[in-house]
Amino acid sequence: MKNVIEIKGITKHYKDFTLGGVDAVIPCGFTTALIGVNGAGKTTLIDILCGVTGKSGGEALYFGEMRDIDDPALRDRIGYCSSMNFFPPNWTLKTIADSMELGFDNFDRARFTELCRRFKLGDPADKKQKNLAKLSDGNRMRTYLAAVLSRDTELLVLDEPASSLDPLARDMLCDLFREYLAERDGERSVLFSTHNISDMENVTDYAVFMSHGKVIAQGFVEDLKQSYQLVHGDAAQAAKAKPLMMTFSGNATSFEGIALAAQADKLRALDTAVEAPTLQQLSVGLLRKAEQDE
Amino acid sequence: MNKTLTLSQAVKLYTGSSIGRLTVKFTGLLFAQTCLTTLIFAVIGWAEGKTDRISDFVSLIFLVSLMLAHMFLLGGHLFPRSVPGGKFFRSTKEGFAGYQKMRTGVLLVSILILVLSFGGMYLLNMAVPIGTNAAAYVILLIVSLYMISFLNFLQMLPNEGLANILRITALTLTGIFSAGLFTVQRVEWWHWLAGAVALLLVPLSHLILLRHYRKYFWNT
């Protein structure tokens with residue numbers, strides 16, 4: 001299987017935070033979610049991968065052959081946008097189109113116009129336009145998405161794209177991911193970060209979990225779901241089940257948590273319910289375990 | 001096909017205006033304001049029969065406005081990653097090379113404004129005698145070139161508060177000395193020497209600023 005990015009020991013030191021030796025792969029042709037709590041290092045990693053900030057060490061291999069993120073040919077292959085203040089607030093749809101056209105060789109103005117209409121943002125050719133500062137958070141994010149999706153790229157990297165979107169817009173975002181991948185099946189990939197995977201679960205193929213600047217787990221979602229199990233049962237079995245589980249939370253009547261699949265038979269023998277977790281449940285379990293271990 | 005940005009395109013990418021448009025905008029505003037000031041003081045001076053004081057007021061307003069224009073042009077465009085647009089600009093195809101071109105383009109706009117506005121003042125002086133001469137323009141041009149270098153160096157100060165205090169001080173000093181500078185009658189040899197140093201200092205301060213910016217702002 002091809003990887004669109006191979007991350008080898010990337011580090012970044014700040015005064016109060018260290019992104020420590022990240023090793024991960026982003027598979028080609030799939031949607032990868034970078035999952036972690038706020039401050040886990042997701043944005044820092046994405047910024048490094050897209051050349052928005054420098055790194056202290058390590059390297060990344062893009063598309064199996066390119067290493068220099070300052071290479072304009074590589075930058076043209078990656079469509080990146082952040083969720084907060086990506087463009088200056090006084091910019092309008094027209095200013096964005098003008099700047100995108102200059103900033104990237106593969107920006108398609110007609111496609112931008114089409115996406116703006118589809119997202120009900122207006123027409124970039126209109127004389128009277130609202131600037132970004134006057135738009136709602138959701139419409140601002142839609143504008144960023146329209147801009148980045150108007151480029152003919154091979155990898156889409158979005159930092160927290162869903163955080164300011166309402167449920168319907170999140171659903172539309174999932175559709176956009178599918179469309180983007182389907183346009184060139186197997187050749188395009190998506191990487192997005194999130195601290196709340198619940199609404200994006202259906203579209204996620206591969207997951208990289210981060211905590212305290214490190215990657216704590218990664219893999220295809222279906223494989224991860226087979227490696228871990230969701231366990232729940234009555235409080236009476238809690239004491240016996242707890243040592244077999246990775247994470248545990250309970251009250252006077254019941255308990256729930258995540259366990260390794262290898263413990264499934266022992267847990268079933270304790271008369272507990274063992275089932276495949278959702279990605280959201282798995283995320284909570286893995287991230288909670290990482291918090292406890294820290 | 002990869003096309004590289006021209007200086008003007010880089011300026012447009014960052015500011016929304018090309019080099020030509022920025023120059024026309026700033027020079028036009030500056031010249032319109034100077035014409036208006038000259039007219040007002042000329043009318044007052046003629047009415048009171050004190051035409052010899054016109055140059056003092058006009059030069060004060062002109063130089064302070066010129067410095068404000070430079071401060072506005074050269075003082076901005078830092079775009080840390082945290083400010084709106086900072087991440088977009090860093091992600092564009094030419095990255096720092098594009099930023100370098102934009103800064104160079106803006107410096108070019110500054111110099112064009114200088115040349116055009118002094119040319120405009122010279123023409124204005126011919127139309128309305130405000131008591132200045134060609135020597136004064138040469139010296140003021142030299143002083144303005146030093147001001148451009150000074151503003152470049154100020155951008156490297158990590159303490160923004162101190163940088164602002166120094167900007168205001170420079171503006172005040174320009175205001176205080178502007179009248180005296182405008183009445184210089186002859187260009188001495190040391191004026192030419194200072195001019196040659198100023199011409200070297202402008203690109204040097206620009207290169208030092210870019211190097212400093214890449215190390216302490218762009219990549220952090």
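The values are calculated or read from the model by the stated rules, or taken from the named source; none is laboratory data. Because the structure is predicted, anything quoted here is derived from the model rather than measured. Note that each Cβ is placed from the backbone with ideal geometry, even for glycine, and that neighbours are counted across all protein chains shown.
The figures follow:
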item: Per-region count, the range A:159-170, residues more than 15 Å from the chain's Cα centre (by Cα) and assigned to a helix (DSSP H, G or I); result: 3
item: Complete set of residues in the range B:17-41 that are surrounded by fewer than 16 Cβ atoms within 10 Å (Cβ to Cβ), more than 27 Å from A:D98 (Cα to Cα) and either free of Cβ contacts under 8 Å to residues at least 24 places away in the same chain or in contact with a helix residue (DSSP H, G or I) (Cβ under 8 Å, 6 or more places away or on another chain) (or both); result: B:A32, B:Q33, B:L36, B:I40
item: Test: residue in the range B:203-217 that is over 19 Å from B:L73 (Cα atoms) and polar (S, T, N, Q); result: no
item: Qualifying residue in the range A:102-118 (condition: surrounded by 16 or more Cβ atoms within 10 Å (Cβ to Cβ), outside any helix (DSSP H, G or I) and at the interface with chain B (Cβ under 9 Å from one of its Cβ atoms)); result: yes
item: Residue check, A:Y80 under 28 Å from B:L7 (Cβ atoms), crowded, with 18+ Cβ neighbours inside 10 Å, in contact with a strand residue (DSSP E or B) (Cβ under 8 Å, 6 or more places away or on another chain) and at pLDDT 95 or above; result: yes
item: Flag for B:A136 being crowded, with 19+ Cβ neighbours inside 10 Å, small (G, A, S) and at pLDDT below 85; result: yes
item: Complete set of residues in the range A:70-87 that are assigned to a loop (DSSP other than H, G, I, E, B) and facing chain B (nearest Cβ under 8 Å); result: A:D70, A:D76, A:S82, A:N85, A:F86, A:F87
item: Those residues of the range A:241-273 which are part of a loop (DSSP other than H, G, I, E, B) and under 19 Å from A:A290 (Cβ atoms), in sequence order; result: A:M245, A:M246, A:T247, A:F248
item: Condition broken by A:K128, with the remaining ones in (1) more than 24 Å from the chain's Cα centre (by Cα); (2) free of Cβ contacts under 8 Å to residues at least 40 places away in the same chain; (3) within 11 Å of chain B (Cβ to nearest Cβ) satisfied; result: (3)
item: The range A:2-61 - residue that is under 17 Å from A:C81 (Cα atoms) and of a type in the set (D, E, K, R) and, of those, nearest to the other protein chains (Cβ to nearest Cβ); result: A:D47
item: Given (1) closer than 23 Å to A:C50 by Cα; (2) within 12 Å of chain B (Cβ to nearest Cβ), number of the condition A:K94 does not satisfy; result: (1)
item: Which numbered condition A:L176 fails, given (1) over 21 Å from A:I35 (Cα atoms); (2) free of Cβ contacts under 8 Å to residues at least 60 places away in the same chain; (3) in a helix (DSSP H, G or I); result: (1)
item: Sole exception among (1) free of Cβ contacts under 8 Å to residues at least 40 places away in the same chain; (2) farther than 22 Å from A:S163 by Cβ; (3) out of contact with any strand residue (DSSP E or B) (no Cβ under 9 Å at 6 or more places or on another chain) for A:N90, by number; result: (1)
